[in-house]
Structure formats: C-alpha cells, structure tokens
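The values are calculated or read from the model by the stated rules, or taken from the named source; none is laboratory data. Bear in mind the structure is a predicted one, so any value in this text is a computation, not a measurement. Note that we place each Cβ from the backbone using ideal geometry, even for glycine, and neighbour counts take in every protein chain shown.
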Amino acid sequence: MIRKISILFFLSLFSLTLSAQITPDSSGRWLVGKHDGQPFFWLGDTGWELFHRLDRDEAVHYLKTRSSQGFNVILSVALAEVDGIRTPNRYGDVPFSDLETLAWDITPGNDSGDPAQYDYWDHVDFVIREAEKRKMYIGLLPTWGDKVVPGAAGPVIFTNEERAYHYAKKLAERYKDQWNIIWILGGDRQSVEHKNNRITADYRPIWRAMAQAIEETCGKDAFIAYHPRGGSSTSRNLQQEAWLDMHAIQSSHGSREVRVWNQIADDLKRTPSRPVMDMEPCYEDHPVNPWDGRWTRSERGYFDDYDVRARIYRAVFAGGCGTVYGHHQVWQFVDTTRNAPIWVGDTIVGWQKALEAKAANQIHHLKELMLSRSDFDRVMDHSLIASERGSNYTDEIIATRNRESSCVMIYLPQPLPVTVNLQQLKSGRRVVTWFNPVSGKKKKVRGRYKAEQETFTPPSSSQRDWVLLIDVK
C-alpha cells in the first residue's frame, strides 16, 4: 500500500512537472509558478535567430552557457527576422514548402543524421527539448513582426486573420504538451500604427487570431505576452486585450537617456492590472543609435555592462517582474564566415566569445537578489530617499520596498552617499548591507540605526553602481 501511494505521489509530481507554467499572481503585478505559487523572476536572453542560424551542437553550447549563467527564459522566433522564411537554416531547410498556402515543409521521420528526414520543424523541436532538459523556458514568438507589418524583409504572409489563425493553431498543436513554452506575439512591431494621433493601420485582428488559436489549443491559461517596437509599451494599444497576460516594454538601443522605470511605474497603475517588464533593454556591445549613419565610437560608443545594469536594475526596482538581457552579437549569432553582421559598428566580437560578455555573467546576481526575499509585493517609493534623488539617467536613484516596509533595496547609479528616511520603515532592528551588482558579494555595515535619517556611503568609489539593502528584523 505504501509503495502504491509513493508511486501515485511520484506520478503526481511528474504530472506537475510536465504541466509547469507561469502565471500572474493574485495581485496581477508579479509572476509565480502556476502550481507552487512561488515567485518567478524572469531572467531572459534574446536568442532571436537561435532556430534559424545554429546547428544542433551550437544550440546546445548556447543553451548550456546561458543556463550556467542563471538565465531561465530564452526568447527566439519560429519565423526568424533575418529572412527566416526564404533563407534556409543550417541544415538547408525552410519552414514552408509553399508561401501561398503556408504549407509546412515537413518530412517523414526526424533522424538528424538523415537530411531527408530532419526538417526545419524537427530542428525547432530539438532546441525546445534541449532547453527543457535545462529547466529553461522558450519565449516562443510564432513569427517576427515583419511577416505581419510591411516595411522590412518579410515577406508579409499573414495578410488576414484566417492565415494567422491556422498557422498559430498548427504551431500550438505541435507544442501544447511542452511545459516550457511561453507564447510571445509581436516581434519588434507596433500592433497599431499612428500618425498625428490617428490610427493608420491596425494589426490587432491578426494578433488576436493567433492568440485565439493558442488559447483554444493550450487553454485559456496559456501565458501570452507581446514584444513591441522600440520605445513603446504594450499598454498603449493592448491594454484591453483579454489574451494579454503581461505588459512588455522595449526601451531599446537608441539612447542611454531612457528612463524606462517611469513607464513601468505608469503601466503598473493601469486597470486591469498586469505584471510589467522591459522585454528589450539596451544590448551589451550594441552601438548607441547606429541607424542614422552618424555613429562613431568616440561620439556615441557602445552600451557596456554598466549601461546594462543601470537600466535593468532600476527597471526591476520600479516594479518590473523580471528582465531580459541581450548581447548584440549573440541575438544574431554573428559569424562572418556565414552571415554579414548587422549594425555592429566597428567591432566584430563573434557570438561564441560574446556569450561570456561581462553583463552576461553579472545579471544573474539581480535574479538571486530578488529571489532572496520571499516577498515580491514591492512598490517603488521615492520618499525613502532624503538626499537628492538625481534627475537624469546618470544619477537617478530608485528605491523599492515591500508593502510592510521591512525590506528596502536602493539602486545607486553613482558611488555617492545616500541619506535614507529610516522612519519610513517598520520598527525593529535594521540590518544594513551593501550589495555589489558586478560580483554579487555583500558587505554588512556595522552599527545601530535608530535615528530618523542615516547617510550611507558605498564601500568603494571604483565600483560605479551599488545596491543598498536594509532589512528590518
């Protein structure tokens, strides 16, 4: 009897594992595990061209590296941006045999050693399963936005709701039993285009058709997000869409002076309430605004690891439910023996070397910091800062606390003293710690802090940014 109960218990756990997924919490502000209710911090990486440009061994190397660096979501696109419909993948395969009918190019069998069997979709299957082995989600975009919105490589193949529905239905049926799929519509495109505050094109019916197909196949609780164009949030045009489970922002790569934390704070105030995240902050080693033909290394330069941290930490402290990292030569998997690099300025790093870029090995410290506190019910609170908060991207301090004011985190973009209003905190013993975002190391500050205000000075001025932690015991 005991053995039978044990087997049933094991099978129930196995069932939960297969159906594991994330969902907004009861407040609609954070992400939790659907079955265990535990906080889920989304730490993503943009491997947009993963299915299209890497072979099996390279895909495994990429996933193993990102897994070891603490990433738990990989964003990739079934119909890739860089001519992903007409240019074959590494095995010479394309997704469709006929673009008029959108018939999938599928062959009998899936033996990777037999080119006659191993087709484009078999390779997508392989990569998704390899991510599953490492307990990583695939943030799966059914298509890049240029297959819906004209004006780029495209081609535009989803010209009506019916075509969009049937494609998404087939895709959802293929992956409905994969626990590690997060659905993401969009793909660097607006769902609605405006000119002079008037709608000039509305693509929402196309995306609704895809969402409908996914929900009909995977259930109403399938998690669906949307990846918007640079400089925008899904809150502008998709706030009332019932299928949308999370708001996403793309703060993008056009400027260092992007204060995305303000947009996150605004989106968290909206009704209905949704978790919010910057789904595409500035990429490490991306040239700052290279598109106008006037970029130079000396004038604009590249986003470095500090730029990445300075944007991502403040976005999360403003209430972001997670974040997405990206490296400019990784998303496109730069290998000049195969593909021309896209907008890389004057430097070729190559994707394999870029996997070990500085911020890629630092950003997991943020995930670990947030998960070290069980209470995810956080709010951004400027009143905690008694000294100057700063007024721009280079110096603006962001403070976050839990609802009961027993835990405070303050991000300092510069190694300057900060004065904190301790009277804002719950009464009790205050434990003060400095957290280094580069190394993840913590240093406790000795002292008894009973005054209404205290000034704290970072341990070193050679480290540009710091996090001040105050816990009330």
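Scanning the range 446-465 for residues that are hydroxyl-bearing (Ser, Thr, Tyr) and outside any loop (DSSP other than H, G, I, E, B) turns up just one, Thr455.
Number of residues in the range 374-385 that are in contact (Cβ under 8 Å) with a residue 60 or more places away in the chain and assigned to a loop (DSSP other than H, G, I, E, B) equals 3. Taken together, Arg429, Arg464, Arg446 contain a single residue that is among the charged types (D, E, K, R) and either under 18 Å from Ala310 (Cβ atoms) or touching a strand residue (DSSP E or B) at 6+ places or on another chain (Cβ under 6 Å) (or both), which is Arg464.
Go through the range 175-187 and give me each residue that's surrounded by 17 or more Cβ atoms within 10 Å (Cβ to Cβ), out of contact with any His (no Cβ under 9 Å at 6 or more places or on another chain) and not aromatic (Phe, Trp, Tyr). If you could, list the steps in order and put the result at the bottom.
Filtering the range 175-187 down to residues surrounded by 17 or more Cβ atoms within 10 Å (Cβ to Cβ) leaves 175, 178, 180-187.
The next check asks that each one be out of contact with any His (no Cβ under 9 Å at 6 or more places or on another chain); those that pass are 175, 178, 180-183.
Once the filter is applied, which keeps residues that are surrounded by 17 or more Cβ atoms within 10 Å (Cβ to Cβ), out of contact with any His (no Cβ under 9 Å at 6 or more places or on another chain) and not aromatic (Phe, Trp, Tyr), the range 175-187 yields Gln178, Asn180, Ile181, Ile182.
Only one residue in Asp119, Asp105, Asp98, Asp146 is under 30 Å from Ser68 (Cα atoms) and either modelled with pLDDT under 95 or not aromatic (Phe, Trp, Tyr) (or both), so which one is that? Give the steps one after another, and end with the answer.
Numbers: Asp105 fails: under 30 Å from Ser68 (Cα atoms); Asp98 fails: under 30 Å from Ser68 (Cα atoms); Asp146 fails: under 30 Å from Ser68 (Cα atoms).
Exactly one of Asp119, Asp105, Asp98, Asp146 is under 30 Å from Ser68 (Cα atoms) and either modelled with pLDDT under 95 or not aromatic (Phe, Trp, Tyr) (or both), namely Asp119.
Name the one entry in Arg208, Arg256, Arg270, Arg174 that is touching a residue at least 40 places away in the same chain (Cβ under 8 Å) and farther than 24 Å from Lys147 by Cβ.
Result: Arg256 is the single residue among Arg208, Arg256, Arg270, Arg174 that is touching a residue at least 40 places away in the same chain (Cβ under 8 Å) and farther than 24 Å from Lys147 by Cβ.
Scoring Arg90 on the criteria (1) surrounded by fewer than 18 Cβ atoms within 10 Å (Cβ to Cβ); (2) within 30 Å of Gly322 (Cα to Cα) leaves a single failure, condition (2). Taking the criterion of being among the aromatic types (Phe, Trp, Tyr) and either part of a loop (DSSP other than H, G, I, E, B) or over 22 Å from the mean Cα position of the chain (by Cα) (or both), the residues of the range 135-175 that qualify are Trp144, Phe158, Tyr165, Tyr167. Across the range 317-367, the number of residues qualifying as under 30 Å from Pro24 (Cα atoms) and either in contact with a Cys (Cβ under 7 Å, 6 or more places away or on another chain) or polar (S, T, N, Q) (or both) comes to 3. In a residue-by-residue description of the range 80-103, the property of being closer than 30 Å to Pro275 by Cβ and not in a loop (DSSP other than H, G, I, E, B) applies to no position. Residues of the range 445-459 that are at pLDDT below 95, on the phi < 0 side of the Ramachandran plot and either surrounded by fewer than 14 Cβ atoms within 10 Å (Cβ to Cβ) or within 31 Å of the chain's Cα centre (by Cα) (or both): Arg446, Arg448, Lys450, Ala451, Glu452.
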